[in-house]
1. Treat every Asp and Glu Cβ in the chain as -1 and every Lys and Arg Cβ as +1, leave all other atoms uncharged, and give the resulting dipole magnitude about the Cα centre to the nearest 20 debye.
2. Which percent of the accessible area of the chain is formed by carbon and sulfur heavy atoms (probe 1.4 angstrom)?
3. What residue among 24, 13, 115 has its Cα farthest toward the positive end of the dipole of the chain, where the charges are +1 on Lys, Arg and -1 on Asp, Glu, each on the Cβ?
4. What is the chain's relative contact order, in percent, from Cα pairs under 8 angstrom and six or more apart in sequence?
5. Return the loop-located trypsin sites (Lys or Arg not before Pro) in the stretch 102-141 (DSSP other than H, G, I, E, B) with at most 15 other Cβ atoms within 10 Å of their own Cβ; answer none if there are none.
6. Highest GNM mean-square fluctuation, the chain, Cα pairs closer than 10 Å: which of 123, 114, 14?
7. What accessible surface, in Å², does a 1.4 Å probe find on residue 83, ignoring ligands, DNA and RNA and rounding to the nearest 10?
8. Going down the list 2/50; 2/81; 81/105; 12/105, which pairs span over 28 Å between their C-alpha atoms?
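The values are calculated or read from the model by the stated rules, or taken from the named source; none is laboratory data. Just so you know, these numbers come straight off a predicted model, no measurement behind them. Using ideal geometry, Cβ is built from the backbone for each residue, glycine included, and neighbour counts are taken over all protein chains shown. Keep in mind that these areas ignore ligands, DNA and RNA; they rest on the heavy atoms of the full protein, side chains included. Shrake-Rupley method; radii C 1.70, N 1.55, O 1.52, S 1.80 Å.
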Amino acid sequence: MKTLFTIGFTRKTAEQFFNLLYFNRVSRLIDVRLNNSSQLAGFAKGCDLKFFLEAFYSIPYTHEKNFAPSSALLERYRNGKITWGEYVDVFNEIMIARDAVEYIKNLEYDIDRACLLCAEESAKCCHRRLVAELIRDTLDDINIVHLGDPLCKETSLF
């Protein structure tokens, strides 16, 4: 069985974040954020993250915007105009429109021990969980582990 991790960087120090990746032997970090260059991301800005991961941990970094929500959907949810359930429905429609299942089947890298990254502290109400579940449902035989997640049962022991 393959393992697919997810992680959010919010409320984690750089030390906690990188230790979670290192000690869980993450093979690749897949950034599923719409915007990976925000100044608010601190150590998790895409260009810095790519450098740290590849130079110090030999973990490849990939930014997969195909798995990101639309800016309109994100804005409506953040502003409280839609519920999480409505967000999920629209996000799933976006994944269908983007033919995400075929995209997943044709990924040019192995998903085993890869880790989906987003900003949210917990995957409970984050699209990275939805993407992880879509990958699991598409490829089968995948266990999802949410690293350092205070609200999800499937977490690492670290």
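1. Computed about the Cα centre, the dipole is about 440 debye.
2. 50
3. 13
4. Computed over the chain, the figure is 41 percent.
5. Those that pass, being in a loop and sparsely packed, are 124.
6. 14
7. Here the residue's solvent-accessible area equals roughly 80 Å².
8. Details: 2/50 24 Å; 2/81 37 Å; 81/105 34 Å; 12/105 32 Å.
Distance filter (> 28 Å) returns 2/81; 81/105; 12/105.
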